1. Is there a residue in the stretch 24-36 that is surrounded by 23 or more Cβ atoms within 10 Å (Cβ to Cβ), within 16 Å of the ligand (Cβ to nearest atom) and under 23 Å from residue 422 (Cβ atoms)?
2. Of all residues in the stretch 296-324, how many are in contact with a strand residue (DSSP E or B) (Cβ under 8 Å, 6 or more places away or on another chain) and either farther than 19 Å from residue 394 by Cβ or more than 16 Å from the ligand (Cβ to nearest atom) (or both)?
3. Within the stretch 212-220, does at least one residue satisfy the condition of being within 12 Å of the ligand (Cβ to nearest atom) and in the same structural domain as residue 98 (by TED's automatic domain parsing)?
4. May I ask you to list the residues in the stretch 60-83 that are crowded, with 23+ Cβ neighbours inside 10 Å and over 22 Å from the mean Cα position of the chain (by Cα)?
5. Exactly one condition in (1) assigned to a helix (DSSP H, G or I); (2) in contact with a helix residue (DSSP H, G or I) (Cβ under 8 Å, 6 or more places away or on another chain); (3) over 29 Å from residue 331 (Cβ atoms) is not met by residue 233; state its number.
6. What are the residues in the stretch 177-196 that are in contact with a strand residue (DSSP E or B) (Cβ under 6 Å, 6 or more places away or on another chain) and within 16 Å of the ligand (Cβ to nearest atom), if any?
7. What tally of residues in the stretch 136-155 results from selecting those that are closer than 22 Å to residue 218 by Cβ and out of contact with any strand residue (DSSP E or B) (no Cβ under 7 Å at 6 or more places or on another chain)?
8. Output the number of residues of the stretch 179-218 satisfying the condition of being farther than 18 Å from residue 28 by Cβ, part of a loop (DSSP other than H, G, I, E, B) and over 23 Å from the mean Cα position of the chain (by Cα).
Ligand code: S3P
(Lines give C-alpha, C1' and ligand atoms only; values in the text may rest on other atoms or scores of the structure.)
Protein backbone atom coordinates (compact mmCIF):
# COMPACT_ATOMS: atom_id res chain seq x y z
CA UNK A 1 0.00 0.00 0.00
CA UNK A 2 1.18 3.52 -0.86
CA UNK A 3 0.06 6.34 1.43
CA UNK A 4 0.24 9.94 0.28
CA UNK A 5 1.02 12.41 3.05
CA UNK A 6 0.21 16.05 2.46
CA UNK A 7 2.18 18.78 4.22
CA UNK A 8 0.27 19.79 7.36
CA UNK A 9 -0.66 23.17 8.70
CA UNK A 10 -1.25 22.95 12.44
CA UNK A 11 -2.00 19.59 14.07
CA UNK A 12 -4.66 20.06 16.67
CA UNK A 13 -6.89 17.87 18.79
CA UNK A 14 -7.08 15.23 21.45
CA UNK A 15 -6.32 11.55 20.87
CA UNK A 16 -6.28 8.30 22.80
CA UNK A 17 -3.71 5.78 21.59
CA UNK A 18 -4.10 2.04 21.11
CA UNK A 19 -2.82 -0.25 23.85
CA UNK A 20 0.89 -0.48 24.56
CA UNK A 21 2.53 -3.18 22.45
CA UNK A 22 5.04 -4.33 25.08
CA UNK A 23 2.43 -4.62 27.82
CA UNK A 24 -0.11 -6.36 25.56
CA UNK A 25 2.36 -9.14 24.67
CA UNK A 26 3.09 -9.80 28.33
CA UNK A 27 -0.58 -9.85 29.34
CA UNK A 28 -1.36 -12.17 26.42
CA UNK A 29 1.26 -14.71 27.49
CA UNK A 30 0.79 -14.52 31.26
CA UNK A 31 -3.03 -14.57 31.14
CA UNK A 32 -2.71 -17.77 29.10
CA UNK A 33 -0.64 -19.33 31.89
CA UNK A 34 -2.93 -18.14 34.69
CA UNK A 35 -5.76 -20.16 36.25
CA UNK A 36 -9.12 -18.75 35.11
CA UNK A 37 -10.45 -16.11 32.76
CA UNK A 38 -8.63 -12.79 32.38
CA UNK A 39 -10.34 -9.76 30.86
CA UNK A 40 -7.97 -7.30 29.18
CA UNK A 41 -9.12 -3.88 28.02
CA UNK A 42 -7.40 -2.07 25.17
CA UNK A 43 -5.18 -5.02 24.18
CA UNK A 44 -3.20 -3.86 21.11
CA UNK A 45 -4.91 -4.66 17.80
CA UNK A 46 -1.53 -4.34 16.06
CA UNK A 47 -0.38 -7.36 14.05
CA UNK A 48 2.49 -8.11 16.46
CA UNK A 49 0.28 -8.52 19.52
CA UNK A 50 -2.24 -10.47 17.46
CA UNK A 51 0.64 -12.82 16.54
CA UNK A 52 1.13 -13.46 20.24
CA UNK A 53 -2.56 -14.32 20.63
CA UNK A 54 -2.43 -16.57 17.54
CA UNK A 55 0.54 -18.46 19.05
CA UNK A 56 -1.25 -18.84 22.38
CA UNK A 57 -4.33 -20.16 20.53
CA UNK A 58 -2.03 -22.60 18.72
CA UNK A 59 -0.94 -23.82 22.16
CA UNK A 60 -4.55 -24.61 23.10
CA UNK A 61 -5.62 -21.38 24.84
CA UNK A 62 -9.15 -20.08 24.10
CA UNK A 63 -9.18 -16.35 23.42
CA UNK A 64 -12.13 -14.16 22.47
CA UNK A 65 -12.05 -10.53 21.49
CA UNK A 66 -14.48 -7.84 20.40
CA UNK A 67 -11.84 -5.21 19.69
CA UNK A 68 -12.28 -3.54 23.10
CA UNK A 69 -12.04 -6.43 25.52
CA UNK A 70 -9.96 -9.55 25.10
CA UNK A 71 -10.93 -12.54 27.21
CA UNK A 72 -8.22 -15.11 27.74
CA UNK A 73 -9.27 -18.44 29.24
CA UNK A 74 -6.05 -19.30 31.07
CA UNK A 75 -4.98 -22.95 31.16
CA UNK A 76 -2.62 -22.78 34.15
CA UNK A 77 1.15 -23.16 34.27
CA UNK A 78 1.03 -26.77 33.05
CA UNK A 79 -1.93 -26.53 30.70
CA UNK A 80 -0.45 -25.64 27.30
CA UNK A 81 -0.89 -28.25 24.55
CA UNK A 82 1.49 -29.24 21.76
CA UNK A 83 0.59 -27.17 18.68
CA UNK A 84 -0.51 -28.98 15.53
CA UNK A 85 1.72 -27.07 13.14
CA UNK A 86 4.42 -24.47 13.25
CA UNK A 87 3.70 -21.37 15.39
CA UNK A 88 4.03 -18.08 13.50
CA UNK A 89 5.35 -14.99 15.31
CA UNK A 90 4.95 -12.88 12.15
CA UNK A 91 7.09 -9.74 12.39
CA UNK A 92 7.29 -9.85 16.18
CA UNK A 93 10.64 -10.20 17.93
CA UNK A 94 8.90 -9.85 21.30
CA UNK A 95 6.63 -12.82 20.54
CA UNK A 96 9.33 -15.25 19.47
CA UNK A 97 11.88 -14.21 22.12
CA UNK A 98 9.60 -14.04 25.14
CA UNK A 99 7.45 -17.03 24.20
CA UNK A 100 10.55 -19.19 23.69
CA UNK A 101 11.15 -18.95 27.44
CA UNK A 102 7.75 -20.54 28.03
CA UNK A 103 8.08 -23.10 25.22
CA UNK A 104 11.47 -24.28 26.47
CA UNK A 105 9.83 -25.61 29.63
CA UNK A 106 6.99 -27.57 28.00
CA UNK A 107 6.72 -31.33 27.79
CA UNK A 108 6.58 -31.17 23.99
CA UNK A 109 8.50 -29.86 20.99
CA UNK A 110 7.43 -26.64 19.25
CA UNK A 111 8.53 -25.13 15.97
CA UNK A 112 8.19 -21.37 15.74
CA UNK A 113 8.91 -19.15 12.79
CA UNK A 114 8.30 -15.61 11.54
CA UNK A 115 8.25 -13.43 8.45
CA UNK A 116 11.25 -12.57 6.32
CA UNK A 117 12.41 -9.74 8.60
CA UNK A 118 12.09 -11.82 11.77
CA UNK A 119 13.92 -14.70 10.08
CA UNK A 120 16.99 -12.46 9.90
CA UNK A 121 16.94 -11.39 13.56
CA UNK A 122 19.39 -12.99 16.00
CA UNK A 123 18.08 -15.55 18.47
CA UNK A 124 21.45 -16.56 19.99
CA UNK A 125 20.72 -14.09 22.78
CA UNK A 126 17.82 -16.26 24.01
CA UNK A 127 19.22 -19.63 23.01
CA UNK A 128 22.31 -19.16 25.23
CA UNK A 129 20.51 -18.60 28.57
CA UNK A 130 17.78 -21.13 27.78
CA UNK A 131 20.42 -23.75 26.97
CA UNK A 132 22.06 -22.94 30.29
CA UNK A 133 18.71 -23.67 31.92
CA UNK A 134 18.64 -27.09 30.22
CA UNK A 135 16.68 -26.41 27.01
CA UNK A 136 17.57 -27.85 23.62
CA UNK A 137 16.89 -25.43 20.77
CA UNK A 138 17.73 -25.81 17.10
CA UNK A 139 17.92 -22.73 14.89
CA UNK A 140 18.73 -22.00 11.27
CA UNK A 141 22.52 -21.49 11.12
CA UNK A 142 22.47 -21.91 14.90
CA UNK A 143 20.91 -18.49 15.49
CA UNK A 144 17.98 -17.56 13.23
CA UNK A 145 14.30 -18.58 13.09
CA UNK A 146 12.70 -20.99 12.55
CA UNK A 147 13.43 -22.39 16.00
CA UNK A 148 12.75 -25.96 17.06
CA UNK A 149 12.34 -25.89 20.80
CA UNK A 150 12.53 -29.29 22.49
CA UNK A 151 10.87 -28.56 25.82
CA UNK A 152 12.33 -30.14 28.93
CA UNK A 153 12.45 -29.56 32.68
CA UNK A 154 14.51 -26.42 33.27
CA UNK A 155 16.62 -25.38 36.21
CA UNK A 156 16.95 -21.92 37.75
CA UNK A 157 20.01 -19.87 36.78
CA UNK A 158 21.75 -16.63 37.66
CA UNK A 159 22.24 -14.87 34.33
CA UNK A 160 24.15 -11.73 33.37
CA UNK A 161 22.63 -10.26 30.19
CA UNK A 162 25.40 -9.44 27.69
CA UNK A 163 23.08 -6.93 25.90
CA UNK A 164 20.51 -4.56 27.33
CA UNK A 165 17.33 -6.30 26.17
CA UNK A 166 13.96 -6.43 27.88
CA UNK A 167 12.93 -9.22 25.52
CA UNK A 168 15.79 -11.45 26.64
CA UNK A 169 15.28 -10.55 30.30
CA UNK A 170 11.61 -11.46 29.94
CA UNK A 171 12.40 -14.71 28.15
CA UNK A 172 14.58 -15.87 31.07
CA UNK A 173 12.09 -14.68 33.71
CA UNK A 174 9.24 -16.49 31.92
CA UNK A 175 11.35 -19.65 31.77
CA UNK A 176 12.01 -19.13 35.49
CA UNK A 177 8.28 -19.50 36.13
CA UNK A 178 8.68 -23.22 35.44
CA UNK A 179 11.83 -23.84 37.54
CA UNK A 180 12.16 -24.88 41.15
CA UNK A 181 13.92 -22.15 43.08
CA UNK A 182 14.90 -18.62 42.15
CA UNK A 183 16.01 -17.45 38.70
CA UNK A 184 17.91 -14.15 38.60
CA UNK A 185 18.69 -11.90 35.64
CA UNK A 186 21.28 -9.11 35.95
CA UNK A 187 20.92 -6.24 33.48
CA UNK A 188 23.83 -4.06 32.31
CA UNK A 189 21.42 -1.10 32.17
CA UNK A 190 17.83 -0.92 33.35
CA UNK A 191 15.39 -1.88 30.58
CA UNK A 192 11.60 -1.68 30.47
CA UNK A 193 10.16 -3.52 33.47
CA UNK A 194 6.68 -4.41 32.17
CA UNK A 195 7.33 -8.13 32.67
CA UNK A 196 8.21 -7.66 36.32
CA UNK A 197 5.07 -5.56 36.87
CA UNK A 198 2.82 -7.94 34.92
CA UNK A 199 4.21 -11.02 36.67
CA UNK A 200 3.38 -9.43 40.04
CA UNK A 201 -0.11 -8.52 38.80
CA UNK A 202 -0.74 -12.19 38.02
CA UNK A 203 0.55 -13.23 41.47
CA UNK A 204 4.20 -14.19 40.90
CA UNK A 205 6.88 -13.21 43.40
CA UNK A 206 9.43 -10.96 41.68
CA UNK A 207 12.16 -8.90 43.35
CA UNK A 208 14.16 -6.20 41.68
CA UNK A 209 17.29 -4.88 43.39
CA UNK A 210 19.88 -2.73 41.60
CA UNK A 211 19.54 -4.32 38.20
CA UNK A 212 19.12 -7.88 39.53
CA UNK A 213 15.63 -9.27 38.94
CA UNK A 214 14.65 -12.51 40.65
CA UNK A 215 11.60 -14.67 40.14
CA UNK A 216 10.45 -17.47 42.43
CA UNK A 217 9.51 -20.52 40.35
CA UNK A 218 6.23 -22.41 40.16
CA UNK A 219 3.87 -19.65 41.36
CA UNK A 220 0.09 -20.05 41.15
CA UNK A 221 -0.77 -17.42 38.53
CA UNK A 222 -4.28 -16.04 38.99
CA UNK A 223 -6.48 -14.55 36.24
CA UNK A 224 -6.94 -10.77 36.36
CA UNK A 225 -8.92 -7.92 34.90
CA UNK A 226 -6.39 -5.52 33.40
CA UNK A 227 -6.32 -2.37 31.28
CA UNK A 228 -3.49 -1.66 28.84
CA UNK A 229 -2.40 2.00 28.80
CA UNK A 230 -1.87 3.90 25.53
CA UNK A 231 1.47 3.18 23.88
CA UNK A 232 4.13 5.76 24.79
CA UNK A 233 6.27 4.72 21.81
CA UNK A 234 3.33 5.45 19.50
CA UNK A 235 2.90 8.84 21.19
CA UNK A 236 6.42 9.74 20.00
CA UNK A 237 5.16 10.20 16.43
CA UNK A 238 2.60 12.78 17.52
CA UNK A 239 4.94 14.54 19.95
CA UNK A 240 7.51 14.97 17.18
CA UNK A 241 4.79 15.99 14.68
CA UNK A 242 3.71 18.78 17.05
CA UNK A 243 7.32 19.96 17.39
CA UNK A 244 7.77 19.98 13.60
CA UNK A 245 4.60 21.75 12.54
CA UNK A 246 4.09 25.34 13.75
CA UNK A 247 0.80 26.12 15.47
CA UNK A 248 0.30 22.52 16.65
CA UNK A 249 -1.24 21.62 19.97
CA UNK A 250 -2.05 17.98 20.79
CA UNK A 251 -3.43 16.25 23.88
CA UNK A 252 -2.73 12.54 24.24
CA UNK A 253 -4.85 10.84 26.86
CA UNK A 254 -4.24 7.76 28.98
CA UNK A 255 -0.65 7.09 27.95
CA UNK A 256 1.64 4.69 29.83
CA UNK A 257 4.34 6.66 31.63
CA UNK A 258 6.40 3.83 33.10
CA UNK A 259 9.70 5.46 34.19
CA UNK A 260 11.70 2.81 32.29
CA UNK A 261 10.07 4.09 29.07
CA UNK A 262 9.56 7.80 29.71
CA UNK A 263 13.13 8.90 28.89
CA UNK A 264 11.54 10.14 25.66
CA UNK A 265 9.73 12.90 27.53
CA UNK A 266 12.87 13.94 29.42
CA UNK A 267 14.90 14.03 26.22
CA UNK A 268 12.32 16.13 24.38
CA UNK A 269 11.89 18.46 27.36
CA UNK A 270 15.68 18.88 27.70
CA UNK A 271 15.71 20.19 24.11
CA UNK A 272 13.00 22.72 24.89
CA UNK A 273 9.77 20.85 24.10
CA UNK A 274 6.85 22.41 25.98
CA UNK A 275 5.39 19.21 27.37
CA UNK A 276 2.99 18.91 30.25
CA UNK A 277 1.90 15.72 31.96
CA UNK A 278 -1.46 15.79 33.70
CA UNK A 279 -3.77 13.44 35.58
CA UNK A 280 -1.01 11.03 36.59
CA UNK A 281 -2.34 7.88 38.18
CA UNK A 282 -1.65 4.17 38.42
CA UNK A 283 -3.36 1.38 36.55
CA UNK A 284 -2.48 -2.28 37.15
CA UNK A 285 0.95 -1.30 38.51
CA UNK A 286 1.78 0.97 35.54
CA UNK A 287 1.93 4.79 35.67
CA UNK A 288 -0.57 6.42 33.33
CA UNK A 289 -1.33 10.05 32.47
CA UNK A 290 -2.20 12.60 29.78
CA UNK A 291 0.42 14.46 27.76
CA UNK A 292 -0.07 17.95 26.34
CA UNK A 293 2.35 19.31 23.80
CA UNK A 294 2.55 22.55 21.85
CA UNK A 295 4.77 23.47 18.96
CA UNK A 296 8.11 25.08 19.82
CA UNK A 297 11.50 24.96 18.12
CA UNK A 298 13.57 22.06 19.43
CA UNK A 299 17.24 22.57 20.21
CA UNK A 300 18.55 19.07 19.46
CA UNK A 301 20.61 16.73 21.61
CA UNK A 302 23.00 13.82 22.03
CA UNK A 303 21.85 10.28 22.72
CA UNK A 304 24.43 7.84 24.05
CA UNK A 305 25.07 5.01 26.52
CA UNK A 306 22.08 3.98 28.63
CA UNK A 307 19.92 6.80 27.18
CA UNK A 308 20.21 5.13 23.78
CA UNK A 309 18.90 1.84 25.16
CA UNK A 310 16.00 3.61 26.88
CA UNK A 311 14.94 5.34 23.64
CA UNK A 312 15.83 2.67 21.11
CA UNK A 313 12.36 2.44 19.50
CA UNK A 314 11.97 6.21 19.27
CA UNK A 315 15.27 6.92 17.48
CA UNK A 316 13.87 6.86 13.90
CA UNK A 317 11.38 9.64 14.63
CA UNK A 318 13.93 11.54 16.74
CA UNK A 319 16.25 11.52 13.71
CA UNK A 320 13.51 13.33 11.81
CA UNK A 321 13.16 15.87 14.60
CA UNK A 322 16.94 16.28 14.74
CA UNK A 323 17.04 17.44 11.11
CA UNK A 324 14.68 20.33 11.82
CA UNK A 325 16.21 21.21 15.20
CA UNK A 326 18.66 24.02 15.88
CA UNK A 327 21.75 21.93 16.72
CA UNK A 328 20.91 18.52 15.24
CA UNK A 329 20.93 15.04 16.76
CA UNK A 330 23.89 12.77 17.52
CA UNK A 331 23.20 9.11 18.29
CA UNK A 332 25.93 6.83 19.67
CA UNK A 333 26.04 3.31 21.18
CA UNK A 334 23.07 2.26 19.07
CA UNK A 335 24.36 -0.83 17.22
CA UNK A 336 21.12 -2.58 18.28
CA UNK A 337 19.33 -0.40 15.71
CA UNK A 338 20.93 -2.48 13.00
CA UNK A 339 19.11 -5.65 14.09
CA UNK A 340 15.58 -4.33 14.58
CA UNK A 341 12.73 -4.96 12.10
CA UNK A 342 15.09 -3.37 9.55
CA UNK A 343 18.62 -2.01 9.87
CA UNK A 344 17.20 1.25 11.21
CA UNK A 345 20.42 3.19 10.76
CA UNK A 346 20.33 2.33 7.05
CA UNK A 347 16.58 2.84 6.53
CA UNK A 348 16.55 6.17 8.40
CA UNK A 349 19.55 7.39 6.37
CA UNK A 350 18.03 6.27 3.06
CA UNK A 351 14.72 8.07 3.67
CA UNK A 352 16.34 11.24 5.03
CA UNK A 353 18.57 11.41 1.96
CA UNK A 354 15.56 10.93 -0.34
CA UNK A 355 14.11 14.04 1.36
CA UNK A 356 17.30 15.98 0.71
CA UNK A 357 18.40 15.80 4.35
CA UNK A 358 22.04 15.04 5.07
CA UNK A 359 23.13 12.47 7.67
CA UNK A 360 26.49 10.97 8.59
CA UNK A 361 26.24 7.28 9.36
CA UNK A 362 28.50 5.37 11.77
CA UNK A 363 28.56 1.66 12.69
CA UNK A 364 26.67 2.28 15.91
CA UNK A 365 24.83 5.53 15.28
CA UNK A 366 24.59 8.67 13.18
CA UNK A 367 24.72 12.44 13.16
CA UNK A 368 21.97 14.56 11.64
CA UNK A 369 22.88 18.25 11.42
CA UNK A 370 20.13 20.69 12.36
CA UNK A 371 18.36 23.45 10.43
CA UNK A 372 17.58 21.27 7.42
CA UNK A 373 14.49 21.37 5.21
CA UNK A 374 12.47 18.33 4.17
CA UNK A 375 11.71 17.99 0.45
CA UNK A 376 8.71 15.97 -0.70
CA UNK A 377 9.86 12.53 -1.86
CA UNK A 378 9.02 8.92 -2.57
CA UNK A 379 9.78 7.20 0.72
CA UNK A 380 9.73 3.57 1.81
CA UNK A 381 9.00 1.85 5.10
CA UNK A 382 11.06 -1.11 3.90
CA UNK A 383 8.26 -3.00 5.74
CA UNK A 384 9.27 -1.55 9.13
CA UNK A 385 6.38 -0.05 11.12
CA UNK A 386 8.42 2.60 12.91
CA UNK A 387 10.08 3.72 9.66
CA UNK A 388 6.64 4.06 8.01
CA UNK A 389 5.39 6.27 10.84
CA UNK A 390 8.59 8.29 11.36
CA UNK A 391 8.68 9.29 7.69
CA UNK A 392 4.96 10.04 7.55
CA UNK A 393 5.74 12.59 10.26
CA UNK A 394 8.70 13.96 8.28
CA UNK A 395 6.41 14.28 5.25
CA UNK A 396 4.12 16.61 7.20
CA UNK A 397 6.92 19.19 7.15
CA UNK A 398 7.79 18.82 3.44
CA UNK A 399 7.00 21.35 0.73
CA UNK A 400 4.55 19.09 -1.14
CA UNK A 401 2.93 15.64 -0.99
CA UNK A 402 5.21 12.67 -0.26
CA UNK A 403 4.46 9.02 -0.88
CA UNK A 404 5.21 6.27 1.62
CA UNK A 405 5.61 2.90 -0.05
CA UNK A 406 4.78 -0.19 2.03
CA UNK A 407 2.93 2.17 4.37
CA UNK A 408 0.75 -0.66 5.70
CA UNK A 409 3.72 -1.80 7.81
CA UNK A 410 2.42 0.69 10.41
CA UNK A 411 -0.30 -1.81 11.31
CA UNK A 412 2.32 -4.02 12.99
CA UNK A 413 1.97 -1.80 16.07
CA UNK A 414 -0.55 0.92 15.15
CA UNK A 415 -3.27 0.10 12.58
CA UNK A 416 -5.12 3.37 13.33
CA UNK A 417 -2.04 5.57 12.70
CA UNK A 418 -2.90 7.24 9.36
CA UNK A 419 -6.52 7.91 10.33
CA UNK A 420 -5.42 9.45 13.61
CA UNK A 421 -2.81 11.58 11.89
CA UNK A 422 -5.41 12.79 9.37
CA UNK A 423 -7.91 13.53 12.16
CA UNK A 424 -5.38 15.95 13.70
CA UNK A 425 -4.43 17.64 10.42
CA UNK A 426 -7.97 18.47 9.29
C1 S3P B 1 10.70 -4.67 23.73
C2 S3P B 1 12.03 -4.48 23.95
C3 S3P B 1 12.93 -3.80 23.01
C4 S3P B 1 12.13 -2.98 22.01
C5 S3P B 1 10.98 -3.75 21.43
C6 S3P B 1 10.03 -4.16 22.52
C7 S3P B 1 9.89 -5.37 24.74
O8 S3P B 1 13.66 -4.78 22.29
O9 S3P B 1 12.98 -2.52 20.98
O10 S3P B 1 10.26 -2.94 20.51
O11 S3P B 1 8.64 -5.32 24.67
O12 S3P B 1 10.48 -5.98 25.64
P13 S3P B 1 15.03 -5.43 22.86
O14 S3P B 1 14.69 -6.29 24.00
O15 S3P B 1 15.57 -6.24 21.69
O16 S3P B 1 15.91 -4.27 23.21
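The values are calculated or read from the model by the stated rules, or taken from the named source; none is laboratory data. These numbers come from a predicted model, not from an experiment. Cβ placement follows ideal geometry from the backbone for every residue including glycine, while neighbour counts extend to all protein chains displayed.
1. No: the stretch 24-36 contains no residue that is surrounded by 23 or more Cβ atoms within 10 Å (Cβ to Cβ), within 16 Å of the ligand (Cβ to nearest atom) and under 23 Å from residue 422 (Cβ atoms).
2. Here the count works out to 8.
3. Taking every residue of the stretch 212-220 in turn, none turns out to be within 12 Å of the ligand (Cβ to nearest atom) and in the same structural domain as residue 98 (by TED's automatic domain parsing).
4. Initially, the stretch 60-83 is screened for residues crowded, with 23+ Cβ neighbours inside 10 Å, giving 70, 72, 74, 80.
Within the stretch 60-83, 74, 80 qualify.
5. (3)
6. 185, 186, 196 - these are the residues of the stretch 177-196 that are in contact with a strand residue (DSSP E or B) (Cβ under 6 Å, 6 or more places away or on another chain) and within 16 Å of the ligand (Cβ to nearest atom).
7. Going through the stretch 136-155 one residue at a time, the tally reaches 3.
8. Qualifying residue count for the region: 7.
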